[in-house]
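> Below you will find the structure I want to go over with you.
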Amino acid sequence: MEAVDLSPLPWDAYGFTEKQIVDVDGDQFNVYRGGDKGIAVICIHGAGYTGLSFAQLAKFLLTKMECQVIAPDLRGHGETKCAEPMDLSKPRLVADVAAIYEKLFPDEDTRPYAFVVGHSMGGSVAIRLCHDKLIPKVLSLVVIDVVEGTALAALADMPTVLRHRPKVFKTLEKAVQWASTSGDSMSRLPGSRQSVPSQLKKTDAGYEWIVDLAATKPFWLGWFQGISKEFLACSQGKILIIGHVDRLDVELTRAEIQGQYQNVIVRDAGHAIHENDPEHVADAIHGYYQRFAVLIQKGLKIHI
C-alpha cells in the first residue's frame, strides 16, 4: 500500500497567493489573500483554526468567479500578533474584522460588493458584522455549521471533547495524521496538510496548539447566544450551510419554510464543511453570486 503523504504544505499551496500584515492600533493581523479584483469574499474562521482553513474554498471560488478571497487570522490565532491575544469576546472580534476590512479597502467609493463567510465561532462574528452593517455592499451572509440551539447544547460536552484532544505532537506529520483521521473535529487531506500546521507552535515538548481552546470557555456563551434571531434579522441575502437538517432549531426551521434564507445541506463533511467539501460550498456561493453577476460585470449599482 502506498504511504499517505502527511508532510506540511506551504501557505500558498492552494488558494492564496499573498500574505499581508494589517496593522490595527499596533496589533498585527496576518491576512491571506487570493485574487485581486472582483467581489470580495471575506472569510472568518472558527475557534482554533486560521485563515488557511479557507484555502481549499479559495481555490475553487477563484476558478468559478472573479473574486478576491480574504481570510485573516483572528487575534490569538495563527501568525497574528496582538497585545491582548486572549480577548476573544465577540465584540472585540467583530471590531477587529471591521477594522481589517477598512484598512484593506480605505476608499469608500471603490469598495467592492462582498460576501461575508463565517465558520462556527466565525459564523457568529459574520452575523454580527452583517446585522450591524459594519461591512458595506454585502450581497450575502454565508454561515457554515453553526446553529444557536445545537451550539449551546454542545457546550456542556466541550470540556470532555477537549480532554481527548492531544495537547502536543512530536511532529507536524503526526498532527496532520490526527486531524485528518479524527472524524468530525478537524480537516481532511490534502487541506489538513496546509491548514493544520498553521494552528501549531514549536515548543520544547514538540508542537502544541497556538490556541488553548479550554481557556476560551468564558467566551462560549457570548459567541452563540442570540445568533438565530440576529441571523434572521440581517437584511442581506442569507445562506446557512450545515451537515444535517436536524441541526436546525425551531426558529430556523420555521424561517426556512417561509423562505427567509437559503439552506444548504452538505452531508459527510464533518464540522469544517468548507475544508472537507470546498467545491460544494463554492457552488453555493457562486450560485448566489450569479443572481447579480450581469449587474456587477456591467458596473451597475445593486440596491441592497
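Read the figures in this text as sums done on the coordinates, not as results from a lab. As the structure is a computational prediction, the values presented were derived from the model and not from experiment. Reconstructed Cβ throughout: ideal geometry from the backbone, glycine too, with neighbour counts over all protein chains shown.
> Give me the distance in nm between label points sitting 7 Å out from Cα along the Cα-to-Cβ direction at H244 and E102, one decimal.
Taking the simple label geometry, H244 and E102 are separated by 4.2 nm.
> Cα to Cα, under 30 Å, and not fewer than 8 places away if on the same chain: which lysines meet these conditions relative to K201?
Straight-line reach from K201, under 30 Å: K19, K59, K81, K90, K103, K167, K170, K174, K217.
> Do any trypsin sites (Lys or Arg not before Pro) in segment 173-267 lie in a loop, going by DSSP, with at most 14 other beta-carbon atoms within 10 Å of their beta carbon, and if so which?
Taking segment 173-267 and a limit of 14 other Cβ atoms within 10 Å, the loop trypsin sites (Lys or Arg not before Pro) found are R267.
> Here's something else I'd like to know. With contacts defined as alpha carbon pairs under 8 Å and 6 or more residues apart, what's the relative contact order of segment 1-50 in percent?
On the way: 30 pairs, mean separation 12.4, N = 50.
Reported relative contact order: 25 percent.
> Another question, if that's okay. By counting other Cβ atoms within 10 Å of each Cβ, how are I302, I265 ranked from fewest to most?
I302, I265
> Gain in length, E251 to D132, computed as 0.36 nm per residue apart minus the alpha-carbon separation, to one decimal in nm?
Extra length available between E251 and D132 comes to 40.8 nm.
> Most mobile of P112, P190, P85 per a Gaussian network model of the chain (Cα springs, under 10 Å)?
Residue with maximal mean-square fluctuation among P112, P190, P85: P85.
> Return the FRET efficiency for the residue pair K229, K202: r is the Cβ-Cβ distance, R0 is 51 Å, and the value is rounded to the nearest 0.05.
Computed FRET efficiency for K229 and K202: 0.75.
> So, one more: Considering only D25, D277, D12, give the residue with the highest GNM mean-square fluctuation for the chain, with springs between Cα atoms whenever their separation is below 10 Å.
Highest fluctuation among the options: D25.
> Once Rh is set to the Kirkwood radius over Cα pairs, what Stokes-Einstein translational diffusion coefficient, in µm²/s, holds for segment 1-72 at a temperature of 25 °C and a viscosity of 0.890 mPa s?
Once the numbers are plugged in, D ends up at 186 µm²/s.
> How far, in nm, would the chain grow between H164 and T110 when pulled straight, counting 0.36 nm per residue and subtracting the alpha carbon separation?
Using 0.36 nm per residue and subtracting the Cα-Cα distance, I get 14.6 nm.
> Now for a different question. Taking the chain as the reference, fit the longest principal axis to its C-alpha atoms, fit the long axis of helix 90-104 to the helix C-alpha atoms, and give the angle between the two in degrees, 0 to 90, nearest 10.
Approximately 70 degrees, to the nearest 10.
> Another question, then. Post the alpha-carbon centroid distance, segment 6-72 to segment 96-121, in whole angstrom.
The two parts, judged by their Cα centres, are 13 Å apart.
> Cβ neighbours within 10 Å, averaged per peptide: list 255-262, 46-53 in order, most packed at the top.
46-53, 255-262
> Next question. Only Cα pairs within less than 10 Å get springs; with that Gaussian network setup on the chain, which residue of R111, R291, R128 has the largest fluctuation?
The residue with the greatest mean-square fluctuation here is R291.
> When only Cα pairs under 8 Å and 6 or more residues apart are kept, what is the percent relative contact order across the chain?
20 percent.
> Given Cβ point charges of +1 (Lys, Arg) and -1 (Asp, Glu) and nothing else, what value in debye, to the nearest 20, does the dipole of the chain about its Cα centre take?
It comes to approximately 200 debye.
> Suppose only helical runs count, i.e. DSSP H with n ≥ 4. What mean residue ellipticity at 222 nm does that imply for the chain under -39500 (n - 2.57) per run, divided by all residues and rounded to the nearest 500 deg cm²/dmol?
So the helix-based figure for the chain works out to -9500 deg cm²/dmol.
> Taking Rh as the Kirkwood radius, which is the inverse of the mean 1/r over Cα pairs, what is the Rg/Rh value for the chain?
In the chain, Rg relative to Rh is 0.94.
> Could you tell me how many degrees, from 0 to 90 and to the nearest 10, lie between the Cα long axis of helix 55-64 and the main elongation axis, the longest principal axis, of the Cα atoms of the chain?
That helix lies at roughly 30 degrees to the long axis.
> For segment 144-272, what relative contact order do you get, as a whole percent, if you take Cα pairs closer than 8 Å and at least 6 residues apart?
Result for segment 144-272 is 34 percent.
> Shifting gears a bit: Quick check: residue separation of K64 and D12 times 0.36 nm, minus the Cα distance between them. What number comes out in nm?
Contour length minus Cα-Cα distance gives 16.8 nm.
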